[in-house]
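> Here's a structure for you.
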Amino acid sequence: MKNMEYLKIKPIAVLGAGAVGKAIAGDCALGGAQVRLCDLPPFAEKTLFGIKETGINFFGDQLNLYGFERNGMAQMELVTTNVAQAVKGAGLVVVATPCAGHKPFFEKLIPALEDGMVIHIFPDNYGSLILRKMMREAGCMKNVIIGGWSSSTYGSRVEIKGGVILPKIRVYYRAITLRGAALPAADTEAFLESSKYLPSMDAVTNGQGAVAGDTVMDTGFSNVNPVLHCPGTILGVGVMENFGVIFGEDKYKYSIYSHAYCPSISEVQYAFYQEECSLAAAMGVGIQPYRKEQFFSRENVLGAEYMGEDYVIPFDQQDPIQFGTGPFTMENRYITEDIPVGCHVYHELGKKFGVRTPVIDSMINLASAILKRDFYQQGYTLDYLGIGHMDKAEMNAYLRDGVYK
């Protein structure tokens, strides 16, 4: 196993100061690391507000099987809008932004990369493929490890009062296991080992542990967001839009987990997952295995990430931990990210490898109709990921060994 102990004495740079970035930065600082937090204009004025002066107030239930938690005011070594300043001398660089933030951050990160850095993307969402492609185009030959994870380490929400984003982050669950992989997969062992020096992964490291996906396409298929968010949000839209109207409830207490999920939606989610499995098999890559019954509860397949496979909340019970997690409108990343990124990549792979994806395609069709835009036109393509020209053998050689043709 590659020795990654050199990371212990190096600062950690976190790029992105939304819910995931704030949570990772705060947790790492409370775990004893020197942390630099960076976000870019025009968001930084709001997302970095107050952090330099007071730190990040990290709190919440942090539900997990082993009871791991941290709380407190987390102080940053540096708060900045300058990516090069944030990553200079860092060992671990965490990219924690929505997909729309990948390219703007990568453009500024690539010239600042240093040999020996390890880049962790939470969640990967094909960011590792995009970063490697942009490095090739820029002629960057730095010796770095790049990988990503199937999900975030937390369920977390920023605190917003009257439109003001406060320097506070509420963490309502912590993952005890996550699936990760590097590009190329030959680096995955070192990538997973490096996560032991990332304090935000402590609940995973000391829980059920990180699991190696066989490639970054495995972590793409294993990202639970598209299979959970898209059917739940689209098929539950009537509940969401009526929640604060005829149901007499506070609309901001709504959650797809607590108020939309039901056996019929679970059937759709399981059918969606089966299409993902067919795609993975056609490509010759792995995917997180789930049993059918895991889809039929309030927490669905998500619950196993933080409470183990025996965690089941029946449909005739509520799921209070999810109250207020939304979404509250269809203009939400559950649709605007998970459809054009997750679902559309699956659609493109289906065309390439001859796998029918009618359930996945139905999600794209319905989202396009509801939001009056063409997600087939706006979605990620395989060419955008740098793999559109490859056949199965070439794709696997690139994903596993870094052989690019």
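> Only one of these is assigned to a helix (DSSP H, G or I) and touching a residue at least 40 places away in the same chain (Cβ under 8 Å): LYS108, LYS103, LYS52. Name it.
Working: LYS103 fails: touching a residue at least 40 places away in the same chain (Cβ under 8 Å); LYS52 fails: touching a residue at least 40 places away in the same chain (Cβ under 8 Å).
The conditions single out LYS108.
> Kindly indicate the residue of region 269-285 that is crowded, with 20+ Cβ neighbours inside 10 Å and not acidic (Asp, Glu) and also nearest to VAL359 (Cα to Cα) among those meeting that condition.
Going through the qualifying residues, I end up with PHE272.
> What residue, among those in region 205-235 that are without any contact (Cβ under 8 Å) to a residue 40 or more places away in the chain and assigned to a helix (DSSP H, G or I), is surrounded by the most Cβ atoms within 10 Å (Cβ to Cβ)?
Filtering first and then ranking leaves LEU235.
> I want to confirm something. Restricting to region 289-329 and keeping residues that are assigned to a helix (DSSP H, G or I) and over 22 Å from the mean Cα position of the chain (by Cα), which single residue is nearest to MET201 (Cα to Cα)?
From region 289-329, those assigned to a helix (DSSP H, G or I) are 292-295, 300-307, 320-322; that's our starting set.
Add one more test, that the residue is over 22 Å from the mean Cα position of the chain (by Cα), and what stays is 292-293, 320.
Numbers: LYS292: 28, GLU293: 28, PRO320: 25 Å.
Step by step, filter region 289-329, then rank; the result is PRO320.
> Restricting to region 1-49, count the residues that are more than 18 Å from ILE145 (Cβ to Cβ) and either part of a strand (DSSP E or B) or free of Cβ contacts under 8 Å to residues at least 40 places away in the same chain (or both).
10
> OK, next. Within region 62-100, restricting attention to residues that are touching a His at 6+ places or on another chain (Cβ under 9 Å) and within 22 Å of ARG333 (Cβ to Cβ), which residue is surrounded by the most Cβ atoms within 10 Å (Cβ to Cβ)? It would help to see each step written out before you state the result.
Taking region 62-100 as the starting set, the residues that turn out to be touching a His at 6+ places or on another chain (Cβ under 9 Å) are 92-96.
Still in the list and also within 22 Å of ARG333 (Cβ to Cβ): 94-96.
Working: VAL94: 25, VAL95: 25, ALA96: 27.
This residue is ALA96.
> Restricting to region 369-405, name every residue that is part of a helix (DSSP H, G or I) and either free of Cβ contacts under 8 Å to residues at least 40 places away in the same chain or over 29 Å from PRO184 (Cβ atoms) (or both).
Within region 369-405, ALA369, ILE370, LEU371, PHE375, TYR376, GLN377, GLN378, ALA393, GLU394, ALA397 qualify.
> What is the one condition in (1) surrounded by fewer than 20 Cβ atoms within 10 Å (Cβ to Cβ); (2) on the phi < 0 side of the Ramachandran plot; (3) in contact with a Pro (Cβ under 8 Å, 6 or more places away or on another chain) that LYS10 does not satisfy?
Every condition holds for LYS10 apart from (3).
> So which residues in region 335-371 are polar (S, T, N, Q) and either touching a helix residue (DSSP H, G or I) at 6+ places or on another chain (Cβ under 7 Å) or modelled with pLDDT under 95 (or both)?
Matches in region 335-371: THR357, SER368.
> What number goes with the only condition from (1) at negative phi; (2) under 22 Å from the mean Cα position of the chain (by Cα); (3) modelled with pLDDT under 95 that GLY286 does not pass?
The one condition GLY286 does not meet is (3).
> For region 372-386, indicate whether the set of residues that are aliphatic (A, V, I, L, M), modelled with pLDDT of 95 or more and closer than 27 Å to ILE146 by Cβ is non-empty.
Yes, because at least one residue in region 372-386 is aliphatic (A, V, I, L, M), modelled with pLDDT of 95 or more and closer than 27 Å to ILE146 by Cβ.
The values are calculated or read from the model by the stated rules, or taken from the named source; none is laboratory data. The model shown is predicted, which means the values in this text are computed figures rather than measured ones. Note that each Cβ is placed from the backbone with ideal geometry, even for glycine, and that neighbours are counted across all protein chains shown.
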